[in-house]
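Quick note: the coordinates plus some simple rules give every number you see, no bench work behind them. Source: prediction; values computed, not measured. FYI the Cβ positions are ideal-geometry reconstructions off the backbone, even for glycines, and counts take in every protein chain you see.
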Amino acid sequence: MVVTSELTSEWQSEGLLGQRLLAVDAISESDLRKALDIQNSVGGLLGSILIRVGALSEDILLKVLSEQSGQRIVGQGVDLPELHELFVAMDESKIVFDWYLDHSLIHWSDDNKVFYCCKQRTPFIEDTLRYFFPEEEREFCLIAGQEMDTVLDFIKKEKSVDELISDSGSSKALRELAEEAPVVELVNNILAQAVNTDSSDVHIEPDEEGFAVRLRTDGVLYTRFRQPAERFPAVASRIKLISGLDIAERRLPQDGRITTRISGSEMDIRVSTVPGVHGESIVMRLLPKEREVVRLHALGLESDHLELVEQAVREANGMFLVTGPTGSGKSTTLSGALAAANDGRKKIITVEDPVEFVVPGVTQIQAHAEIGYTFAKALRAILRQDPDVIMVGEIRDQETADIAIQSALTGHMVLSTVHTNDALSVFTRLIDMGVEPFLVAAPMKLVQAQRLVRKLCEHCAEPAQVSDQIANELAGLNIEVDPQWKRAVGCEQCLNVGYRGRTGIYEIYPISPAMRDLVVSKATNSEIKRLAEDEGHRTMYQDGLIKAARGVTTVEEVIRVTSGLEI
């Protein structure tokens with residue numbers, strides 16, 4: 001527990017703190033007596049002792065100290081800068097960096113004021129700061145102990161990396177540099193931050209001044225911190241080394257893979273490097289090895305959509321295609337569909353690249369295009385395994401499409417994905433691949449498109465009003481919903497973003513005889529969409545509007561995700 005306010009002033013006396021805690025019923029008299037006995041025996045700060053013995057929470061102690069002293073709490077009215085900026089500010093200070101570490105003290109500037117936090121504020125610290133910074137307005141702040149330890153640990157590692165890079169010069173080989181402990185810790189810290197924030201991708205992007213580390217969280221990229229340019233070769237070399245890439249090759253793109261354990265989770269990490277003007281752009285996609293299979297009912301499907309999907313996967317034969325861009329949750333949906341189809345009486349086989357979800361009771365095959373084991377070749381082998389349900393990770397070419405369609409026409413249920421913007425464009429896409437229109441239409445049971453929208457943080461979302469236009473659009477949909485519009489705010493729980501987690505919005509079209517006839521006659525997308533509208537099906541935007549009306553997400557988020565689509 002960091003208690004910058006338990007010393008040096010009259011109101012900071014241990015006795016007064018204890019009496020204050022008693023006055024607000026934060027502790028009992030017996031707790032106080034026990035803590036004072038421990039303090040008399042071994043020393044230490046009263047507040048810290050009360051926390052260690054379990055008599056007091058750190059949040060309550062900080063609140064009491066803040067009320068007594070008038071000092072603000074970090075995160076409540078005063079915020080820490082980005083951690084690397086904090087390190088730079090301390091490194092460029094008039095005081096030797098080691099002095100800050102010796103006294104467990106941090107400082108930063110904002111609006112012509114200097115802020116300080118330390119583990120134990122003493123007259124010596126105050127005299128030193130007054131001597132070196134006589135003209136500056138100073139403010140001491142309270143900070144939670146765990147947060148202070150995290151900050152101090154970070155800046156110690158930053159200092160170690162700086163010393164290593166500056167000492168290495170040109171004499172140390174990149175491979176040796178990549179294996180040094182500070183560089184290893186820096187890369188591990190980047191990956192740990194990504195896992196702890198449930199990020200899907202890590203982007204390391206060099207520019208003229210340095211390089212940025214950005215994490216894609218809930219589908220949106222956030223810059224977590226920046227690093228100086230001289231560190232980039234060491235970080236890039238470390239990532240290449242552990243992913244099996246050529247450290248010396250900087251002119252050609254490379255792809256690699258890492259299997260490791262991060263923050264208690266087994267992870268597969270796909271690494272891609274692409275040379276740029278200022279250095280190689282590095283992207284790492286994080287794929288947890290142990291992920292629970294998501295059930296269809298947990299994917300945000302409305303009841304009518306859920307019924308359509310469940311009915312499709314129970315069919316004896318036919319084709320169910322899920323469409324959308326990369327990162328729209330197609331693989332998650334298909335894994336849920338497989339789990340729904342797996343009733344213990346069917347042979348289910350998949351071919352994927354990579355296998356992202358392990359589904360119990362399903363035979364899953366990993367494609368390896370680099371050795372010629374493509375989706376098409378694997379699909380031919382699967383057909384000799386007497387399957388009932390086949391899942392193909394993606395239909396990318398005519399050969400795969402032809403085999404998948406023939407499989408659907410000969411007594412198999414085929415599930416797969418196609419990259420299109422909306423569901424009904426799948427027909428045009430398959431025809432463009434070279435498949436005959438009547439073959440496209442004949443086996444199709446259901447086509448689905450989806451996007452992922454961020455869910456509102458349950459801790460800080462607030463009620464909101466929407467325009468008459470939005471309200472009228474909702475009223476025009478054939479679905480019952482009690483509108484509870486909300487807006488994003490931001491709090492500590494969601495890292496001040498206002499959103500936490502994601503859910504799907506969908507457009508799902510069962511293929512009617514009339515729609516099948518339009519496909520065979522090579523009708524335009526507009527004509528097919530007009531028929532779908534006449535049949536009463538809703539678009540992704542309309543489905544998102546229902547989610548927003550239920551208070552799951554916001555109208556702004558739905559518009560952001562569906563922009564560019566016909567709504």
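Worth pointing out:
- Computed lengthening from residue 68 to residue 230, 0.36 nm per intervening residue step minus Cα-Cα distance: 53.7 nm
- Peptides ranked, highest mean first, by Cβ atoms within 10 Å: ranges 405-413, 329-337, 554-562: 329-337, 554-562, 405-413
- A straight chain from residue 495 to residue 294 at 0.36 nm per residue would run longer than the Cα-Cα distance by 69.8 nm.
- Net length available on complete extension from residue 200 to residue 110 is 29.1 nm, with 0.36 nm assigned per residue and the Cα-Cα distance removed.
- Cysteines having no other Cys beta carbon under 4.7 Å from their own, within the chain: 117, 118, 141
- Links that overshoot a 29 Å alpha carbon limit, given the list 34/157; 377/455; 157/455; 445/547: 34/157; 377/455; 157/455
- Label-point gap, in nm, between residue 477 and residue 265 - each point 7 angstrom along Cα→Cβ: 3.0
- Residue among 309, 133, 233 farthest towards the positive dipole end of the chain, charges placed on Cβ: 309
- Since only 348, 375, 328 are under comparison, the one whose Cα sits farthest along the positive direction of the charge dipole of the range 314-375, derived from C-beta charges on Lys, Arg, Asp and Glu, is 348.
- Cβ-placed point charges (K, R +1; D, E -1), dipole of the chain about Cα centre in debye, nearest 20: 1580
- Reachable aspartates and glutamates, given that their alpha-carbon falls under 14 Å from the alpha-carbon of residue 113 and they are not under 8 places away in the same chain: 79, 135, 136, 137, 139
- Options [x] 25.4; [y] 27.8; [z] 26.7 - which one matches Kirkwood radius over Cα pairs in Å as calculated here: [y]
- Nearest 10 degrees, 0 to 90: helix 303-313 Cα axis against the chain principal axis: 60
- Bridging of residue 486 to aspartates and glutamates at a Cα separation below 13 Å is possible for 458, 462, 556, 557, once same-chain residues fewer than 8 apart are set aside.
- Positive minus negative residues near residue 329 (Lys, Arg vs Asp, Glu; Cβ under 9 Å): +3
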